[in-house]
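Here is the structure we will look at, set down as structure tokens.
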Amino acid sequence: MRRILGLFVLAGVPVIAAAQDDPLVGSIVFARAEDVELRTEDGTRIARWGASPARVVKVAPSGRVRTEALYPPGTGGAWTRRVDVVKLADAVAHFSAHVRAHPADPWGYEMRAAAYYELREGRKSIDDMTEAIRLGPTASRHALRGSQWVSLGDDARAAADFTAAVRLDPANYYALTERGRTYTRTKQFAKAEADFAEAVKLRPDDPVAFNYRGLMWEFRDEYDKAIADHSHSIQLHAGYAEAFANRANAHAGKRDAPAALADYTRAIELAPANAYYRYARGYVHAGMRDSEKALPDLTEAIRLNPADARPYLSRGHIHRQRKDTDKAVSDFTAVIRLAPKAADGFNGRGSTWDTARVYDKAVADYAEAIRLNPKLESAYNALAWLLATCPDAKHRDGAKAVELATKLVDLSAGKVADHLDTLAAAHAEAGDFDKAVEAQKRALALPGTADAVTRDYRERLKLYEAGRPYRQPAPAKKD
């Protein structure tokens, strides 16, 4: 019986063994012959969901092909013959020929769908899998199309396909775990919990469902349960890098930075080419104000995946805090290029210009951040403060500052002292000192403000009571 396992196409019977130390070259994706089966080094057949080969397959000069890892990563390798595989570059043409020769055979459409999926041609992949399902509906085909819908961001259709798979095969572990993940993303937590419970009952020795259920607990901010599931996943498979990284996320959610760092470090040791693990560890170091350790991790994350905006953003803030304007602006500009519809890049770059006293550019970037995210409190606060207290008179605008600060206080329901302090400064710049005094007293009345900040508030209150606005010494940025 032919199947797709993960992103590889495999089929039924014998395997060719090979020496573990064969040198490896090249890359392969699909098996094509009916007499091919992959096995691990101990002879275990890997023809089931949750234990499929990883994407990397290499060819030895001997003609044998080795998968470098199974899923979860680190569980070993498997061998087959080079003659039995199709390179990804040739796969669409190869399976198209099969479709032309056998138009009623769903297998050809299924195989070509997998090739299109690997080539990131999602719609073509969906169309072929839909035809395969029409010709021969099976649980595995519905489950695979569900995964294709996930890659296109359509969780509703994905859930429908996973449900069809479970209806055809109630013991389909892959469909259950993937539907659980889909329900988690859409915050249908009771349904997700039920799917993961069934999955772990079906395969109590498989770490995947435990890992994914841990993610569900994280979505619900139930970090102790998340840590327990990720830990169990790691007990089942000590080389499961993703489970270490997810447990690190849960530790970070509990604000246990040392535990998070330890788990991210282990994940990096197991998967050194994973950019996210580097970014996440760098982010934790940055949160601990340890820029000397954060910067190398963030820079390595960028090298590994230059298309991810997040490490640029974190590194930009470190450079801004160090007052390295050129590097900070460069990083925030990269964020804007990679994520032009996100406000964070503009807000960070505005903050950098503000600190560097390039006020016209700061005003423009803050304004764009607010346009992109009308609920971004930090941008409202920074721009209102600049317009109210800037040492350069040409950049002050009391009326606009009051408008922005009023919106800011509304967003935070009047419960943030710093926002009320900004509103007071705005009223003072606009010449309404009675309202400035009122807002400043409200800021002072809120509990939990640090003594040093309270002293600043009292000094500004004295100015407003004397009918004088506050002028911020350069730089004008208020963190």
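Points worth noting:
- Prolate/oblate/rounded label for region 220-301 (Cα gyration tensor, a/c 1.5): oblate
- Cα centroid separation - region 285-334 against region 88-134, whole Å: 42 Å
- Over region 416-476, equivalent-ellipsoid semi-axes from the Cα gyration tensor in Å: 17, 13, 10
- The eigenvalues of the Cα gyration tensor, multiplied by 5 and square-rooted, give region 377-479 an equivalent ellipsoid with semi-axes of 18, 15, 13 Å from largest to smallest.
- With coordinates expressed along the principal axes, the C-alpha atoms belonging to region 101-156 extend over 33, 23, 13 Å, beginning with the largest.
- Magnitude of the charge dipole, region 310-358, Cβ model with Lys/Arg +1 and Asp/Glu -1, debye to 20: 60 debye
- Compared with the alpha-carbon gap, the fully stretched path from Ala171 to Asp205 is longer by 10.7 nm at 0.36 nm per residue.
- Semi-axis lengths (Å, descending) of the ellipsoid that matches the C-alpha gyration tensor of region 250-370: 27, 14, 12
- Mean-position separation - Cα centroids, region 396-436 and region 199-264, in angstrom: 44 Å
- Among the listed pairs Lys225/Lys327; Lys400/Lys441; Lys191/Lys293; Lys293/Lys415; Lys201/Lys225; Lys341/Lys407, those beyond 29 Å (Cα-Cα): Lys225/Lys327; Lys191/Lys293; Lys293/Lys415
- Across region 300-459, the relative contact order, built from alpha-carbon pairs under 8 Å that are at least six residues apart, equals 13 percent.
- For region 377-479, a simple Cβ point-charge model (Lys and Arg +1, Asp and Glu -1, everything else neutral) yields a dipole of about 160 debye relative to the Cα centre.
- Point-to-point label distance, Lys187-Lys375, nm (Cα→Cβ direction, 7 Å offset): 1.0 nm
- Computed lengthening from Ala93 to Arg220, 0.36 nm per intervening residue step minus Cα-Cα distance: 41.2 nm
Bear in mind that the values in this text are calculations on the coordinates, not laboratory data. Keep in mind the model is a prediction, meaning the values are calculated, not measured. No Cβ is skipped: glycine too gets one built from the backbone with ideal geometry, and neighbour counts run over all protein chains shown.
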